[in-house]
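Here is the structure we will look at.
The values are calculated or read from the model by the stated rules, or taken from the named source; none is laboratory data. For clarity, every value in this text was computed on a predicted model and none was experimentally measured. All Cβ positions, glycine included, derive from the backbone under ideal geometry; neighbour counts span all protein chains shown. For accessibility, only protein heavy atoms count, side chains too; no ligands or nucleic acids. Shrake-Rupley method; radii C 1.70, N 1.55, O 1.52, S 1.80 Å.
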Amino acid sequence: MYLVQEVVIESYNPNWLQKFENEKKKISQNLPINAVNIEHIGSTSIVGMPSKPIVDIAVSVNNLDEADLFIEPLRTLGYEYVPKLEFPNRRFFRKGESKKGTHHLHVYERTSVEWSNNLLFRNYLRSHPEKAAAYAELKKHLATLFAEDRTTYTQMKAPFIQSVIDLAKKE
């Protein structure tokens, strides 16, 4: 059975930053020392950016196997470990109901391309408002085209995201 995954883009909400800070504090107090960094990523981390109302959090570790130590501590905070075989370089946790999560937590190795690319993308959009505005317009346009297909919506953003990462690497 195919489940509809709606794409709901909301206007920027300044509470997203505070939600991240609150979660970061709880996470850092509950995770083992293995968590190297905790970063706010994704559109909710960029001031002014419209977004799906899901706070994306990235945690870096020295070795991805260490993420297994996070399953129980994160469960006490309301996170569910969701294996994603299509993303072998990441461990994924969701807070909230399936398809209606409020927080997504991604664990990456600190030396991985995935960790680096998430930060490059975020930081570039934070410091280049014209690119952030273009991304916001793209997101809104794609959300109207693929309102009930989050997978395609995400896939259609990928070329833009990669172009921003490429620009960031040149700086």
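Some observations on this one:
- Equivalent-ellipsoid semi-axes for segment 83-126 (Cα gyration tensor, √(5λ), whole Å, largest first): 21, 15, 7.
- Share of Cα-Cα pairs in the chain lying beyond 25 Å, as whole percent: 32
- Whole-Hz Karplus values for segment 27-43 come out as 5, 5, 6, 9, 7, x, 4, 4, 6, 7, 9, 10, 10, 8, 10, x, 5 Hz, taken residue by residue from phi with 6.51 cos²θ - 1.76 cosθ + 1.60 and θ = phi - 60°; glycine and proline positions read x.
- Ligands, DNA and RNA are left out, and with a 1.4 angstrom probe the accessible area of the chain is 55 Å² per residue.
- Based on DSSP H segments of at least four residues, each scored -39500 (n - 2.57), the chain has a per-residue ellipticity at 222 nm of -14000 deg cm²/dmol.
- Pairs of Cα atoms farther than 11 Å apart, segment 59-103, %: 68
- Two-site FRET efficiency, A133 against T102, from Cβ-Cβ distance with R₀ of 25 Å, rounded to 0.05: 0.40
- Computed over segment 36-126, Cα set: Rg, Dmax in Å: 12.9, 36
- Label point of T111 set 7 angstrom out along Cα-Cβ; within segment 27-65, amide nitrogens under 14 Å from it belong to 61-65.
- Mean sequence separation of contacting Cα pairs (under 8 Å, at least six apart), scaled by the length of the chain, corresponds to a relative contact order of 23 percent.
- Sites matching trypsin sites (Lys or Arg not before Pro) across segment 1-99 that sit in DSSP coil, with at most 12 neighbouring C-beta atoms within 10 Å: K84, K99
- A simple rule links phi to the HN-Hα coupling: the Karplus curve 6.51 cos²θ - 1.76 cosθ + 1.60 with θ = phi - 60°, which for segment 70-81 gives 8, 4, 5, x, 6, 4, 5, 9, x, 8, 10, 6 Hz, with x for Gly and Pro.
- Per-residue ³J(HN,Hα) for segment 85-92, Karplus 6.51 cos²θ - 1.76 cosθ + 1.60, θ = phi - 60°, Hz, x for Gly and Pro: 4, 6, 10, x, 9, 8, 10, 10
- Anisotropy class of segment 72-171 from Cα gyration tensor, a/c 1.5 cut: oblate
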